[in-house]
Amino acid sequence: MYLNDFDLRQLASRNLEALSVAEKDQLLGKLVSDLIEARERLQANSQNSSRPPSSDPPWSGPRRETSPAEGEAEARLEGEEVAASDTEAGGLPAESTPVKPAAERRKAGRQPGAPGHSRTVIGPVTATLVHVPESCAVCGGALRSEAFVARTGLYVLDLKTEPDEGLRGLTIIQHKHVYGECRCAGCGHVTRTEPARSPADPRWKVDLSEWCCVGPRLLSLIVCLSLRMRLSRRGIQEFLHDWFDLGLSTSTIHRCLHEAGRAVEPLEQTVVEEVQQAALAYADETPWKEWGHLLWLWVITTPTVSLYLIGYRTAELIENALGIDFSGWLMSDGYRVYRRFHQRLRCWAHLLRKAQGLKDSLTREASTFGAAALALLDDAMAAVYAAREGPPGESLTDRFRARLDAFRTLCERHQFSRHEKTRALAVEFLNDWEAVWIVLSHPYLPLTNNEAERALRHWVILRRICHGTRTPEGSRALALLASVIETCRKRNHLPWPYLAQVIAERRKGHPAPPLPAVA
Ligand SMILES: [Zn+2]
């Protein structure tokens, strides 16, 4: 690099007309060389430099094939925020690469011809449970257990509920379930018992059934290892093998996670209803990969409930989740789909960061505007904090009226600025003027969207480890489980025993037990 920040700051405010043609040529040569070097640094990613793949922005890579209308709508809606986040991540969005049609891609998991595996570790049987039918299915007469003929058996691994006397910890038990039939002495009808099964659901490929070697509490542990401890399928397999001598295949573990997702699905309706009735909700979204395709993980969170959804970054999604007539306060960032809600709050943390960025800019216009925005936000924030502490005094809106009017004029002057980020911030303030400053009239309302960002943070780390999900069913299961787990945690309720209870009931075809009340 020929020119450093100190040189550029001077050049930005200097009249270059004074330079001779030769001097200008020399300067131009340096500028072009610096620009090329800067551009190359900006385009560095894991494919062309020593940067790790985790530093690549999540939206790089192939895109899902969408219908033209869908793709257009998505591109239109993504525009501003993706562009803004590119620079934060320090990379440029990668060129879209064509995605092979599904038929041509290698299927995940075992390939045809590869040797199969079955469960090899059969530990001691803790108890044998014989499921004898109690009464005749036709005449209702009592059946004699002596007439029972065993037809089929099932070994189920599970966690012991009560820890041993004086000992804490996990104990694996193995129950042998025996199912069979009895002939009625009265009418001669044969009544059979078999593991319970939830009726088929066209939206799910995975079965929800007791016909599974993993019991509900062990399944709940697997969900915990996967989604809270962020272990891969192989990691869970290794853990169960090394600590419990359990030989579960990765496909069984995978199937269990989908089954848990299907089991909690009916609870989503309750979560959605509670979100829609909230007095204050925080919303945010982050990129999510579904086998390389770019989708978004959305969260809408309130003090007692969290709703997660994986889908496109469209207005329809947030409208369906919140309801278009949502009447509570909605805290969000500047993404435009949120603008359709009436009682909106803007996160000041984003604005403060952007104002600070402008203040540090080498361009004088940007740094002056950034400093003005930062000073106003800082003073207003201090006043809001003071108002929360003290007794209700004069209205902050009145106190700041003159400064807000002056700042609005400043924004209007900069909304056509040639400096891109100055223009963007000025336009952002003007677009969301009410949403940004409404907090001055209601100082008890939050200033930042930290609640939603915290609710996403865990899942962003998971995304970096597992690179997202692979199928729509996997995405759905993950979002459903995330909603239930985080809602339980918000209510100071341990999610895992509750999840085991939901799985046990749903496997029997019963409704899911209601979400735990706020503790
Ligand atoms: Zn009978």
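What are the membrane-span-like helices in the chain by this rule: whole DSSP H runs, Cα extent along the axis at least 30 Å, mean Kyte-Doolittle hydropathy at least -1.0?
21-42, 364-389
Taking the Cα centre of the chain as origin, sum charge times position over the Cβ atoms of Lys and Arg (+1) and Asp and Glu (-1), and report the length of that vector in debye to the nearest 20.
Rounded to the nearest 20 debye, it is 1180 debye.
Roll a 1.4 Å probe over the protein chains and send me the accessible area per residue for the chain in Å².
Dividing the accessible area of the chain by its residue count gives 54 Å².
Put Met229, Met331 in order of accessible area, largest first, 1.4 Å probe: what do you get?
Met229, Met331
Let me make sure I get this right: for the stretch 202-275, a, b and c are the square roots of the gyration tensor eigenvalues over alpha carbons, sorted descending. Under 1.5 in a/c it's rounded, otherwise prolate if a/b > b/c, else oblate. Which is it?
Since a/c reaches 1.5 and a/b is larger than b/c, the shape of the stretch 202-275 is classed as prolate.
Order of 273-283, 37-47, 296-306 by packing, highest average Cβ count within 10 Å first?
296-306, 273-283, 37-47
If contacts are Cα pairs under 8 angstrom and at least 6 residues apart, what is the relative contact order of the stretch 169-308 in percent?
13 percent
Which residue, chosen from His342, Ser33, Thr191, occupies the Cα position most advanced towards the positive end of the dipole of the chain, where the dipole is computed from +1 (Lys, Arg) and -1 (Asp, Glu) charges on Cβ about the Cα centre?
Looking along the dipole axis, the top candidate is Thr191.
Let me have the 222 nm mean residue ellipticity of the chain computed from DSSP H runs of 4+ only, each contributing -39500 (n - 2.57), with the sum over all residues rounded to the nearest 500.
Computed mean residue ellipticity for the chain: -14000 deg cm²/dmol.
In the structure displayed, which of Lys205/Lys289; Lys160/Lys508; Lys205/Lys508; Lys176/Lys508; Lys160/Lys205; Lys107/Lys205 lie more than 24 Å apart, Cα to Cα?
The pairs that break the limit, which is 24 Å between Cα atoms, are Lys160/Lys205.
What percent of all Cα-Cα pairs in the chain falls into each 20 Å bin, going from 0 up to the bin containing the maximum distance?
Distribution as computed: 17, 42, 28, 10, 2, 0 percent.
Looking only at the chain, where both bridge partners belong to it, what percent of the DSSP beta bridges are antiparallel (to the nearest 5)?
Expressed as a percentage, antiparallel bridges in the chain total about 70.
What percent does the relative contact order of the chain come to when contacts are Cα pairs within less than 8 Å and at least six residues apart?
That works out to 16 percent.
Averaging the inverse of every distinct alpha carbon separation and then flipping it gives the Kirkwood radius. What is it for the stretch 258-304, in angstrom units?
About 12.6 Å for the stretch 258-304.
Hey, can you grab everything whose amide H is under 5 Å from the amide H of Val130? Only 5+ residues off in sequence or another chain; H modelled, so Pro and N-termini drop out.
For Val130, the qualifying residues are Val178.
Give a residue-ordered list of calculated ³J(HN,Hα) values for the stretch 306-314 (Karplus: 6.51 cos²θ - 1.76 cosθ + 1.60, θ = phi - 60°; whole Hz; x for Gly, Pro).
Per residue, the Karplus-derived 3J(HN,Hα) values read 10, 10, 10, 9, 10, x, 6, 8, 10 Hz.
Which cross-chain or sequence-distant (5 or more) residues have an amide H under 5 Å from the amide H of Arg344, H modelled 1.01 Å from N in plane?
The list, which skips near neighbours in sequence, is Leu330.
Ranked highest first by average number of other Cβ atoms within 10 Å, how do 405-418, 7-20, 347-360 line up?
Packing order, densest peptide first, comes out as 347-360, 405-418, 7-20.
Checking the cross-link filter: which lysines have an alpha carbon closer than 24 Å to that of Lys359, excluding same-chain neighbours under 8 positions apart?
Within reach: Lys421.
The values are calculated or read from the model by the stated rules, or taken from the named source; none is laboratory data. Since the model is a prediction, treat every value here as computed from it, not as a measurement. Glycine gets a Cβ as well: all are built from the backbone with ideal geometry, and neighbour counts include every protein chain shown. Accessible surface is based on the protein model in full, side chains and every heavy atom, while ligands, DNA and RNA are left aside. Shrake-Rupley method; radii C 1.70, N 1.55, O 1.52, S 1.80 Å.
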